[in-house]
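*Asks:* Have a look at this one.
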Amino acid sequence: MQRRDFLHLAAAGGGAVFASGLAGCAGMQTAGAATGSDFYFVQLSDSHWGYEGPANPDARGTLPKAVAAVNALAEPPAFIFFTGDLTHTTDDPAERRRRMTEFKAIVAGLKVPVVHFMPGEHDASLDRGAAFQEMFGPTHYSFDHQGVHFIALDNVSDPGAKIGEEQLAWLKADLAGRDPQAPLVVLTHRPLFDLAPQWDWATRDGAQAIALLMPFQHVTVFYGHIHQALHRMTGHIAHHSAQSLIFPLPVPGSQDKRTPLPWNPAAPYQGLGWRQVEAEQKGLQYDIADLPVAKA
């Protein structure tokens with residue numbers, strides 16, 4: 001089975017497919033002829049390793065299930081990106097590191113060439129990312145793959161939910177001199193725009209990052225944090241949130257508090273999932289398949 005066939009069939013079997021890039025957040029489009037620069041990657045988010053509670057009685061099972069699902073792909077992705085909240089928050093620094101060690105041991109079983117990590121506020125806000133950096137490396141960085149420039153932004157290590165002046169200066173320098181027509185993919189944990197500030201679903205200085213990105217004509221942002229797939233635009237920039245691997249959260253602003261949706265024994269793992277992103281047309285279009293965590 002070809003990878004593109006798998007993406008479309010998998011979507012029909014329980015996920016959803018979107019296309020983003022040239023036409024923003026549009027419906028599914030027919031991709032142009034494949035080029036040598038086409039590739040795909042997997043986004044995993046919000047595994048919250050260490051969580052215990054009624055919102056997921058199989059809290060220690062969903063991350064291994066996601067690893068198994070990715071390993072079962074007929075063709076491995078170019079890389080995997082975890083967009084934060086690898087572990088569940090704890091006030092105990094030793095316990096934080098223990099959870100990160102367990103998480104690393106599980107994802108070490110992924111059969112992919114490269115795995116990229118970034119923190120969520122559960123990983124980093126209580127110690128400004130110190131434990132995360134010990135275990136996984138820098139909290140923000142950039143890299144290039146097949147003509148696409150990827151930027152990981154840290155909007156969680158600052159407990160005030162900011163990117164911060166130093167990192168914004170780094171972003172400005174990273175973007176300096178780049179072709180405004182070249183494709184950029186930005187990965188964050190929190191949304192960069194004000195989705196639901198009352199629920200901490202915003203970045204206080206996210207507008208400054210968006211302003212730095214706005215001169216570039218082909219920017220796509222992938223993020224986590226809100227535990228559901230949501231697709232929004234800020235101008236010509238498409239923003240795509242991912243489902244979590246632990247529990248779903250309610251629609252933004254639909255209730256007073258962002259309490260987890262209750263576990264449904266009749267439909268276990270409902271609302272949990274992971275994502276495949278296929279870059280086509282030299283990185284100017286992204287076919288996005290949001291796939292469920294299947295019951296073992």
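*Asks:* Restricting attention to segment 87-105, and to residues there that are outside any helix (DSSP H, G or I) and without any contact (Cβ under 8 Å) to a residue 40 or more places away in the chain, which single residue is nearest to the chain's Cα centre (by Cα)?
*Replies:* Our first condition is that a residue be outside any helix (DSSP H, G or I); within segment 87-105, this holds for 87-92.
Narrowing further to those that are without any contact (Cβ under 8 Å) to a residue 40 or more places away in the chain: 89, 91-92.
Numbers: THR89: 18, ASP91: 25, ASP92: 26 Å.
Only one residue tops the list, namely THR89.
*Asks:* Residue check: is ALA55 over 19 Å from the mean Cα position of the chain (by Cα), over 26 Å from ALA267 (Cα atoms) and of a type in the set (Gly, Ala, Ser)?
*Replies:* Spelling it out, it is not the case that ALA55 is over 19 Å from the mean Cα position of the chain (by Cα), over 26 Å from ALA267 (Cα atoms) and of a type in the set (Gly, Ala, Ser).
*Asks:* Somewhere in segment 113-133, is a residue within 17 Å of the chain's Cα centre (by Cα), within 12 Å of VAL156 (Cβ to Cβ) and in a loop (DSSP other than H, G, I, E, B)?
*Replies:* Yes.
*Asks:* Ok, one more. Can you name every one of the strands (runs of 3 or more DSSP E) wholly within segment 10-65 that holds 2 or more residues which are modelled with pLDDT of 95 or more?
*Replies:* Where strands (runs of 3 or more DSSP E) fall fully within segment 10-65 and carry at least 2 residues being modelled with pLDDT of 95 or more, they are 39-44.
*Asks:* Kindly indicate the residue of segment 199-254 that is assigned to a helix (DSSP H, G or I) and either polar (S, T, N, Q) or free of Cβ contacts under 8 Å to residues at least 12 places away in the same chain (or both) and also surrounded by the fewest Cβ atoms within 10 Å (Cβ to Cβ) among those meeting that condition.
*Replies:* Of everything passing the filter in segment 199-254, ALA211 is surrounded by the fewest Cβ atoms within 10 Å (Cβ to Cβ).
*Asks:* If you check every pair at least six apart or on different chains, which have Cβ atoms under 6 Å apart with a residue in segment 134-149 that is more than 29 Å from PRO93 (Cβ to Cβ) first and a residue that is assigned to a loop (DSSP other than H, G, I, E, B) second?
*Replies:* Once the first residue is more than 29 Å from PRO93 (Cβ to Cβ) and sits in segment 134-149, its partners that are assigned to a loop (DSSP other than H, G, I, E, B) give GLN146/SER37; GLY147/SER37; GLY147/LYS282; GLY147/GLY283; VAL148/GLY283.
*Asks:* Same structure again: Among the listed residues ALA209, ALA229, identify the single one that is of a type outside the set (Phe, Trp, Tyr), modelled with pLDDT of 95 or more, within 18 Å of the chain's Cα centre (by Cα) and within 21 Å of SER157 (Cα to Cα).
*Replies:* Criteria check complete, one pass: ALA209.
*Asks:* While we're on this one: Give segment 152-197 a look and list any residue that's surrounded by fewer than 23 Cβ atoms within 10 Å (Cβ to Cβ), assigned to a loop (DSSP other than H, G, I, E, B) and of a type in the set (Lys, Arg), or say none.
*Replies:* LYS162, ARG178
*Asks:* Here is a list of conditions, (1) in contact with a strand residue (DSSP E or B) (Cβ under 9 Å, 6 or more places away or on another chain); (2) more than 29 Å from PRO265 (Cβ to Cβ); (3) not in a loop (DSSP other than H, G, I, E, B); (4) not small (Gly, Ala, Ser), and PRO77 meets all of them except one; can you say which number that is?
*Replies:* (3)
*Asks:* From the set of residues in segment 69-86 that are without any contact (Cβ under 8 Å) to a residue 60 or more places away in the chain and farther than 23 Å from PHE150 by Cα, which is surrounded by the fewest Cβ atoms within 10 Å (Cβ to Cβ)? I'd like the intermediate steps shown before the answer.
*Replies:* Step one: list which residues in segment 69-86 are without any contact (Cβ under 8 Å) to a residue 60 or more places away in the chain, which gives 71-72, 76, 80, 82, 86.
So of that shortlist, the ones also farther than 23 Å from PHE150 by Cα come out as 71-72.
Numbers: ASN71: 12, ALA72: 9.
Looking at residues that are without any contact (Cβ under 8 Å) to a residue 60 or more places away in the chain and farther than 23 Å from PHE150 by Cα, I get ALA72.
*Asks:* Out of ALA294, ALA242, report the one residue that is under 24 Å from HIS149 (Cβ atoms) and hydrophobic (A, V, I, L, M, F, W, C).
*Replies:* Selected residue: ALA242, the only one of ALA294, ALA242 that is under 24 Å from HIS149 (Cβ atoms) and hydrophobic (A, V, I, L, M, F, W, C).
The values are calculated or read from the model by the stated rules, or taken from the named source; none is laboratory data. Quick caveat, the model's predicted, so the values are computed rather than measured. Cβ: placed from backbone, ideal geometry, glycine included. Neighbour counts: every protein chain shown.
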